[in-house]
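Reading through the structure tokens given below for one structure.
The values are calculated or read from the model by the stated rules, or taken from the named source; none is laboratory data. Everything quoted here is computed from the prediction, not taken from an experiment. All Cβ positions, glycine included, derive from the backbone under ideal geometry; neighbour counts span all protein chains shown.
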Amino acid sequence: MGKLILIVLVFAFAWWILGKYRRSLTREEPPPAGAAEDMVRCAHCGVHLPRSESRASGEKFFCSEEHLRLHR
Ligand SMILES: [Zn+2]
């Protein structure tokens, strides 16, 4: 009887870990502060911002949708 409970507990624990692991895979982790992320320069106003937050157009990067539009 004690063995059965142990098996159930192990399965429940494994299921819980698996669920956590899957969630961590699908969730997009924000880059930690101060991470060595590429900084790009807005081709319109010259402000520096992380590449992930910029709008790219060919070789150039922009800080916002508006600056991208203005540059075209
Ligand atoms: Zn800009």
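Laid out as a table, the results:
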quantity	calculated
Residue in segment 7-14 that is surrounded by 11 or more Cβ atoms within 10 Å (Cβ to Cβ) and out of contact with any Gly (no Cβ under 6 Å at 6 or more places or on another chain) present	no
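Condition check ((1) in a helix (DSSP H, G or I); (2) within 16 Å of the ligand (Cβ to nearest atom); (3) at pLDDT below 95; (4) at positive phi) across all residues:
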residue: 19; (1), (2), (3), (4): yes, no, yes, no
residue: 22; (1), (2), (3), (4): yes, no, yes, no
residue: 25; (1), (2), (3), (4): yes, no, yes, no
residue: 28; (1), (2), (3), (4): no, no, yes, no
residue: 31; (1), (2), (3), (4): no, no, yes, no
residue: 36; (1), (2), (3), (4): no, no, yes, no
residue: 45; (1), (2), (3), (4): no, yes, no, no
residue: 61; (1), (2), (3), (4): no, yes, no, no
residue: 67; (1), (2), (3), (4): yes, yes, no, no
